[in-house]
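Reading through the structure tokens given below for one structure.
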Amino acid sequence: MLLVEGVRRTYEPATGLVRLLTRTATDTTVVALRHVDLEARPGRILGLVGPNGAGKTTLIRIIAGLLDPDAGRVLVDGHDPATDPGAAARALGLVLADDRSLYWRLTGRQNLEFHGALFGLSRRDAAARADDLLAAAGLADNDRRVFGYSTGMRARLAIARALVHEPRVVVLDEPTRSLDPIAARGLCAVLRHLADSGCTILLSSHRLDELERVADDVAVLVAGQVTFRGPMASLRTAGGTAASRLEELLHADLLPAAMR
Amino acid sequence: MIDVALAVLRRDWEIERTYRMRLLLAAASTAALAAGMYFIGRLVTHPPELAGYSGTYFDFALVGLAVTSFAGVGLRSFGTSMITEQNTGTMDLLLTSPASRAGLLSGLFLFPLLLASGEVAALLGIGIGVLGSGMSIGGLVMSVPVIILTTISFAAVGIAAGGILVIAKRGDPISGPFFQITMLLTGAVYPVSVLPGFLRVIAWCIPATWGIKATRDLLLGGAGWRDVMPYVLVLVGFVIVLLPMSLAAFRACVGVARSRGLLGSY
């Protein structure tokens, strides 16, 4: 179970010592998340959709414990990353949008084994798990240093890495961004399999047709607020797909008020 | 904790192996340094300030450089690792793992420590085996705890500097200046006694001064473990005071970075 309750987050300009040491991302106050409530349940895939800048990545970084919320709380399989980071981290498999999070000068296998060690797996268990995941990701036959991987291979390795410690909750930030359609469908099948085995999955994506195929529930995040939340099936109307309804929901909020 | 530290060591070794020239250049640099000190030692023969020590200026400087080399590892390895992890984008991976922070910090320190140990061993090997330094092997063994304490006390400063780099990203305001001051004041290549009085006072506030003095006394001054015990106790004091302070500072810096949204950026 992944629970997000009343999460707010504002980016403030740096002050004091922080201002002396570095520049932060903004020189003005930016409200990234206004009041976000979400619930992703075991055995189901929650699709998270929203335009660029809606706050999806901020929300995922808060779930991962990389950023503190100003208010509200997150529970990852019952553990709050802010107060119980170790247990929350063990329950969470994370795929960030940035494929630089891999060690490019290590092989795929070494990346997985190192990740396993960070999560407390013995060397033997980490090696066995790496074998399974490399095979599942289609990377077993060509284990080379990651800088020699294609973009799609790196995306698949990042997903395999998130699964090394068999997390109860998996959060993926645009995992299919770099995948070709066949590989993207393969990933969706893997996510379905994970959900069917009891895993809770949050999938952030801009690919609405893909979300319609794989997600059980969907949340639309626009300007830091959830504007729709419910089962994907509820968006399907006679003669229309859920993807087209999602697009309408996104566009309705994206259009400037004067153009509506 | 040990498993995590060893995993980080294996990772660093595997990564380092892909940069083949670096290890060769480090070895060449060590040999050049030893040769340079040897030739300077032939010019500087038996100055009165070194009267208490056996051997030549070469032996004297060799010990100072060996100890400051370890101190430099303690001081710089965390900051260097932080910058590397942030630049490569792998910092998020470490911070979102449940691995103990102590294990991670120790691991980040292990490979540079082994590299420095190799360099110092080569330096001493060249000095003793090729250039005829007269250091006592027994003294070498006895000096290991002194060097470890010196390294840890510098590591404490390095951890605090690493914390600042989590926020500042570049421009470590501590390690670089601190190492320059260390080389200038702690008697690495000349005795502290040649410094003006006020600088001597400052020198004895730096752990390396105590570490270098104790190591030299063991290796070149004929001292035993009991003779250097006062220096060792001072080094233990530095560690007891500095290490908890630096770990607290590091945690505070990570907390500030997390609240400000600075983790993972570079």
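The values are calculated or read from the model by the stated rules, or taken from the named source; none is laboratory data. Keep in mind the model is a prediction, meaning the values are calculated, not measured. Note that we place each Cβ from the backbone using ideal geometry, even for glycine, and neighbour counts take in every protein chain shown.
One table, with the values for the structure above:
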quantity	calculated
Residue list for segment B:237-266, filter: among the hydrophobic types (A, V, I, L, M, F, W, C), more than 14 Å from chain A (Cβ to nearest Cβ) and exposed (fewer than 15 other Cβ atoms within 10 Å of the Cβ)	B:ILE240, B:VAL241, B:MET245, B:ALA248
Any chance A:PRO69 is more than 7 Å from chain B (Cβ to nearest Cβ), part of a loop (DSSP other than H, G, I, E, B) and at pLDDT 90 or above	yes
Residue among B:LEU65, B:LEU75 that is more than 14 Å from every other protein chain (Cβ to nearest Cβ), crowded, with 17+ Cβ neighbours inside 10 Å, over 24 Å from B:SER193 (Cα atoms) and in contact (Cβ under 8 Å) with a residue 12 or more places away in the chain	B:LEU75
Output for segment B:237-254, where each listed residue is of a type outside the set (D, E, K, R), touching a residue at least 40 places away in the same chain (Cβ under 8 Å) and within 24 Å of B:ALA168 (Cβ to Cβ)	B:LEU242, B:LEU243, B:MET245, B:SER246, B:LEU247, B:ALA249, B:PHE250, B:ALA252, B:CYS253, B:VAL254
So B:GLY134, is it of a type outside the set (A, V, I, L, M, F, W, C) and within 18 Å of the chain's Cα centre (by Cα)	no
Qualifying residue in segment A:4-27 (condition: assigned to a strand (DSSP E or B), modelled with pLDDT under 90 and more than 8 Å from chain B (Cβ to nearest Cβ))	yes
Entirely in segment A:104-184, the helices (runs of 4 or more DSSP H) that have 2 or more residues that are more than 16 Å from the chain's Cα centre (by Cα) and of a type in the set (D, E, K, R)	A:108-118, A:123-136
Leading residue by the ranking (modelled with the highest pLDDT) among those in segment A:85-103 that are assigned to a loop (DSSP other than H, G, I, E, B) and facing chain B (nearest Cβ under 7 Å)	A:TYR103
Of the criteria (1) more than 10 Å from chain A (Cβ to nearest Cβ); (2) over 22 Å from B:ALA99 (Cα atoms); (3) at pLDDT 85 or above, which one B:ALA26 fails	(3)
For B:LEU199: the one exception among (1) in contact (Cβ under 8 Å) with a residue 12 or more places away in the chain; (2) more than 21 Å from the chain's Cα centre (by Cα); (3) surrounded by 20 or more Cβ atoms within 10 Å (Cβ to Cβ)	(3)
Given (1) assigned to a loop (DSSP other than H, G, I, E, B); (2) closer than 28 Å to B:ILE137 by Cα, index of the condition B:THR209 fails	(1)
Single condition A:ALA82 does not satisfy, out of (1) out of contact with any helix residue (DSSP H, G or I) (no Cβ under 6 Å at 6 or more places or on another chain); (2) within 8 Å of chain B (Cβ to nearest Cβ); (3) of a type in the set (A, V, I, L, M); (4) over 23 Å from A:LEU194 (Cβ atoms)	(2)
Verdict on A:ALA64 being under 15 Å from A:GLY224 (Cβ atoms), of a type in the set (Gly, Ala, Ser), touching a Ser or Thr at 6+ places or on another chain (Cβ under 8 Å) and in contact (Cβ under 8 Å) with a residue 24 or more places away in the chain	no
Hits in segment B:62-103 - residues which are among the hydrophobic types (A, V, I, L, M, F, W, C) and more than 26 Å from A:THR57 (Cα to Cα)	B:LEU62, B:VAL63, B:LEU65, B:ALA66, B:VAL67, B:PHE70, B:ALA71, B:VAL73, B:LEU75, B:PHE78, B:ALA102
Residue check, B:LEU110 within 29 Å of B:LEU149 (Cβ to Cβ), modelled with pLDDT of 80 or more and assigned to a helix (DSSP H, G or I)	yes
Filtered residues of segment A:104-135 (kept if within 8 Å of chain B (Cβ to nearest Cβ) and touching a residue at least 40 places away in the same chain (Cβ under 8 Å))	A:TRP104, A:ARG105, A:LEU106, A:HIS115, A:PHE119, A:GLY120
Hits in segment A:36-54 (condition: at positive phi and modelled with pLDDT of 90 or more)	A:GLY43
Answer from B:ARG20, B:ARG42, B:ARG10 - the residue that is within 14 Å of another protein chain (Cβ to nearest Cβ) and surrounded by fewer than 18 Cβ atoms within 10 Å (Cβ to Cβ)	B:ARG20
Qualifying residue in segment B:221-231 (condition: assigned to a loop (DSSP other than H, G, I, E, B) and of a type in the set (A, V, I, L, M, F, W, C))	yes
Output for segment B:123-139, where each listed residue is crowded, with 18+ Cβ neighbours inside 10 Å and in a helix (DSSP H, G or I)	B:LEU123, B:LEU124, B:ILE126, B:GLY127, B:GLY139
Condition check for B:ALA208: over 14 Å from B:VAL67 (Cα atoms), within 21 Å of the chain's Cα centre (by Cα) and surrounded by 15 or more Cβ atoms within 10 Å (Cβ to Cβ)	no
Helices (runs of 4 or more DSSP H) within segment B:14-105 that include 2 or more residues within 27 Å of B:PRO173 (Cβ to Cβ) and within 22 Å of the chain's Cα centre (by Cα)	B:20-43, B:57-88
Breaking point among (1) at pLDDT below 80; (2) within 30 Å of A:TYR103 (Cβ to Cβ), for B:HIS46	(2)
